[in-house]
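A.B. asks: What follows is a structure written as structure tokens; I'll ask about it next.
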Amino acid sequence: MPRPRAGNQIFMTDTHTGTARDLLALVGGAANVTSTAHCISRLRLGLADPGLARTQRIKDHPAVLGVVVDGTYQIVLGPAAVDRVAQAFEQLVATAAPAADADVPAAATAAPAAADADALAARGAALKDARTRHNATPGKLLLRRIADIFVPLIPALIACGVIAGLGATLNSLALSTHTAALTGIVPVTTALSQGFMSLIAVFVGYNTAKEFGGTPVLGGAVAGIVVYPGVAAITHTPFGHLKPGQGGVLGALAAAALCAALEHWARRWVPDALQMLLVPTTALALSGLTALLLLMPLAGLLADGIGNGATWLLAHAGAGAGVLLGGTFGTLVMFGLHQALIPIHTTLIEHQGYSALYPILAMAGGGQAGAAVAVYLRARHNPSLRRVIRSALPTCVLGVAEPVIYGVTLPLVRPFVTAGIGAAVGGAVVGTFAQLGLTTGSTAIGPSGLVLLPLLDGSHGIGPAVLVYTGGWLTAALAACAATYAFGFTPAMLTALNAPADGAGGTGGSGGPDRAGGAGGAPAEGAPAG
């Protein structure tokens, strides 16, 4: 633990609070922070002026694994620390954290404070505009919004998935042993795991309205129509009878987005004195009616198509689908396109109980782990890079591959490609078993690696699913390790990686890896979110 300093003590006894204070100072202070959020391993910040963030000093911070700039400013902290650092960071921002900028390490205080204010503002505006033009394409903005709707639901999905897996195991034991006590526990686990899933559409609606600038509770209210049992009594629609839950999260998302749009529209023409009465009524009535007559039936058809399409794909082309999905998922993550799959996984879990696509995509983590091992073996004389791998590899095995991707394989380029080859081989294994009738699925999204094991289910139960997934993941790791060891380096790359510390590419040299920026001197900054 770092020794406390005098004064305001940036590195405090509470390490996570100290980290939050340091990072707040290095991103330009509380006044520069416009939004704060976090996912499994990253602190995601909206910055008014990204040019004020001292990225290299953030990378050099001992608690930071990397920095990614993609619309938001993302600081990779790892799953063990990100939640507590984010909480402390939010508290500091809420209280304006006056001490954060007052007492930072000497290296961090080298800010352009003496620069002309107008020049500094112009520089920041130029940097912000450049990043915005690069990252704010309509497609990427839509995908980012979709992710922001579903990512907050992941902790509950994980918890419900684990409890559902436990319930399935207890149910199997109860049936095989005829134990009355176990039989009585199963309904309890079912209630705990299915309570959230039965209302997930409401949470999606709430988050959707919030994301699209509407009133969140109105989004939840119109989404509640989707799961209301009474819709079964509605028979006179263009599509015939309605069923509770028809359209699921897709219908809820569409209805809530429409409700937010109608709310904005109503506020423009309703007099101020009547806004409290008419705006929410108009938005809810019109969007709810549209949901009943149009959105629920259409979303139901789309959800059925997704489920049937995934089943057909794995049954008829499982091996090929495994190669394609497993091998390309790392690239999808790099470009941020994987976010489009979140509602697909959620729809499959909602309708089938598990997503059969998710374990195949999780092979990408096995490929990254295997590639990292090969880099470790090849970089025998590069203690800096080997130290990064030793710290990042355990989290990769446990399901968070970002430190390996952004700190090791992606900067080196070739190991990132060979990691994808290994993931394709692992995906082929899982896909082949699915094609033979032994489907493996995940009851939740978010984790991968070994953490995914208790969340597995499939056509033959959790036991065979665990065996297939584990076999595929290990195959992906071994194949990636072999491919990276054999083809992941040119002779020049090996020479640079293993050069002495004072040479090109050695530890601390200009071409060598640093702990945050990755190997080969190529920064991970700028790659899209994982």
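The values are calculated or read from the model by the stated rules, or taken from the named source; none is laboratory data. As the structure is a prediction and not an experimental result, all values here were calculated from the model. Glycine gets a Cβ as well: all are built from the backbone with ideal geometry, and neighbour counts include every protein chain shown. For the accessible areas, the whole protein counts, side chains as well, though only heavy atoms, and no ligand, DNA or RNA atoms are used. Shrake-Rupley method; radii C 1.70, N 1.55, O 1.52, S 1.80 Å.
A.B. asks: Using a Förster distance of 45 angstrom, determine the FRET efficiency expected from the C-beta separation of Ala340 and Gln87, and round it to 0.05. Numbers along the way, then the final one.
C.D. replies: Values: r = 30 Å, r/R0 = 0.66.
Approximately 0.90, to the nearest 0.05.
A.B. asks: May I pose another question? Say R0 is 25 Å: what FRET efficiency, to the nearest 0.05, do Ala48 and Ser391 get from their beta-carbon distance? Intermediate values should be presented prior to the final figure.
C.D. replies: Details: r = 32 Å, r/R0 = 1.30.
It comes out at approximately 0.15.
A.B. asks: Moving on to the next point. Per residue, how much accessible area does the stretch 339-378 have with a 1.4 Å probe, in Å²?
C.D. replies: Values: 900 Å² over 40 residues.
Per residue, the stretch 339-378 has an accessible area of 22 Å².
A.B. asks: Over the heavy atoms of Trp265, what accessible area does a 1.4 Å probe trace out, to the nearest 10 Å²?
C.D. replies: 110
A.B. asks: Roughly how many whole Å is it from the C-alpha centroid of the stretch 216-284 to that of the stretch 134-197?
C.D. replies: First find each Cα centre; the distance between them is then 26 Å.
A.B. asks: Tell me, what is the 1.4 Å probe accessible area of Tyr354, in Å² to the nearest 10?
C.D. replies: 40
A.B. asks: Would you rank Leu278, Leu348 by solvent-accessible area, highest first, keeping every protein chain in place and using a 1.4 Å probe?
C.D. replies: My answer, sorted largest first, is Leu278, Leu348.
A.B. asks: Starting from the Cα-Cα distance between Thr281 and Trp312, subtract it from 0.36 nm times their residue separation and give me the gain in nm to one decimal. Each step should come with its number before you reach the end.
C.D. replies: Working: separation 31, 0.36 × 31 = 11.16 nm, distance 4.31 nm.
6.9 nm is the gain from fully extending Thr281 to Trp312.
A.B. asks: Lys210 accessible area, nearest 10 Å², 1.4 Å probe?
C.D. replies: Number for this one is 130 Å².
A.B. asks: Per the Kirkwood formula on distinct C-alpha pairs, the Rh of the stretch 257-416 is how many angstrom?
C.D. replies: Numbers: mean 1/r = 0.0514 Å⁻¹.
Final number for the Kirkwood radius of the stretch 257-416 is 19.5 Å.
A.B. asks: Between Thr470 and Asp304, what is the spin-label point distance in nm, taking each point 7 Å from the Cα along the Cα→C-beta axis?
C.D. replies: 3.9
A.B. asks: Just grab the label-to-label distance for Arg380 and Gln56, each label 7 Å out from Cα along the Cβ direction, in nm (one decimal).
C.D. replies: Between Arg380 and Gln56, the label points sit 3.3 nm apart.
A.B. asks: With the convex hull built on the Cα atoms of the stretch 169-308, state its orientation-averaged projected area in nm².
C.D. replies: Values: hull surface 44.8 nm².
One quarter of the hull surface, i.e. the mean projection, equals 11.2 nm².
A.B. asks: Just the projected area, averaged over all directions, of the convex hull on the alpha carbon atoms of the stretch 418-501: how many nm²?
C.D. replies: Working: hull surface 27.9 nm².
About 7.0 nm², averaged over all directions.
A.B. asks: Moving to a separate point now. For the stretch 346-408, just the Cα atoms, rotate onto the principal axes and tell me the three extents in Å, largest first.
C.D. replies: Projected onto the principal axes, the Cα atoms of the stretch 346-408 cover 52, 15, 15 Å.
A.B. asks: Okay, next question. Across the stretch 357-445, how large is the tail of the calculated P(r) beyond 21 Å, expressed as a percent of all Cα pairs?
C.D. replies: Numbers: 1298 of 3916 pairs.
Percent of Cα pairs beyond 21 Å in the stretch 357-445: 33.
A.B. asks: Determine the gain in length on full extension of the stretch Leu192-Ala486; use 0.36 nm per residue of separation and subtract their C-alpha separation, reporting nm with one decimal. Could the numbers behind the result be given before it?
C.D. replies: Numbers: separation 294, 0.36 × 294 = 105.84 nm, distance 4.89 nm.
Full extension from Leu192 to Ala486 adds 101.0 nm.
A.B. asks: In terms of solvent-accessible area of protein heavy atoms at a 1.4 angstrom probe, what is the ranking of Thr215, Thr237, highest value first? Don't skip to the end; give the middle numbers.
C.D. replies: Details: Thr215 45, Thr237 20 Å².
Output order, biggest surface exposure first: Thr215, Thr237.
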